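Colleague: The structure follows.
No lab work stands behind these numbers, since they all come straight from the coordinates. These figures come from a predicted structure and were not determined experimentally. Note that we place each Cβ from the backbone using ideal geometry, even for glycine, and neighbour counts take in every protein chain shown.
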Amino acid sequence: MTPVLTHIALHVRDIDAMQAFYEQLCGMSVVHERNDNGQRVIWMAEPGRDKEFVFVMMTGGNPETQDERDFSHLGFACASREEVDRIAKNAEAMGNLFWPPTEEPYPVGYYCGVRDPDGALVEFSYGQPLGPGAQG
């Protein structure tokens, strides 16, 4: 059997702010929570995907320092351009919008970039070859 990617785990500075960000902008929810030797640990998943892939967050992290030319990011597919625009508008109101909505040739599509509370870049896209709105 080939290994299957099931989770990404990160230490974060403010787990409450991170939880709220990923709930509000990404529609994720906590599917598991525990205290591990004084360290809070949460698992977050998209609706119906808690048995496939989770985002694990643990207290004790440092802020991200990412150069403007560093395009490392988490990517979320959206079902429409309007959803990308809605997320960008919410992120702008929060002061977290990094890339305004932009259109690029396939396979990049329509996207915006948002900084999460730890400073990591999160992309919301429509028209890429993965997930909702996939173009092929």
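Colleague: Could you pull out the residue among E46, E52, E64 that is within 22 Å of Q128 (Cα to Cα), surrounded by 14 or more Cβ atoms within 10 Å (Cβ to Cβ) and out of contact with any Leu (no Cβ under 6 Å at 6 or more places or on another chain)?
Modeller: Values: E52 fails: surrounded by 14 or more Cβ atoms within 10 Å (Cβ to Cβ); E64 fails: within 22 Å of Q128 (Cα to Cα).
Just one listed residue meets the conditions, E46.
Colleague: Out of all the residues in the range 12-69, which are charged (D, E, K, R) and in contact (Cβ under 8 Å) with a residue 24 or more places away in the chain?
Modeller: R13, D14, R40, E52, E64
Colleague: Next question, about the same structure. Could you list, in sequence order, all residues of the range 67-107 that are touching a strand residue (DSSP E or B) at 6+ places or on another chain (Cβ under 6 Å), within 21 Å of G119 (Cβ to Cβ) and assigned to a loop (DSSP other than H, G, I, E, B)?
Modeller: Selection gives H73, N96.
Colleague: Condition first: of a type in the set (D, E, K, R) and farther than 28 Å from G95 by Cβ. Now tell me which residues in the range 10-56 satisfy that.
Modeller: R34, D36, R49, D50, K51, E52
Colleague: Would you point out which residue out of G133, G113 is closer than 19 Å to E23 by Cα and either free of Cβ contacts under 8 Å to residues at least 12 places away in the same chain or not polar (S, T, N, Q) (or both)?
Modeller: Numbers: G133 fails: closer than 19 Å to E23 by Cα.
Sole residue among the options that is closer than 19 Å to E23 by Cα and either free of Cβ contacts under 8 Å to residues at least 12 places away in the same chain or not polar (S, T, N, Q) (or both): G113.
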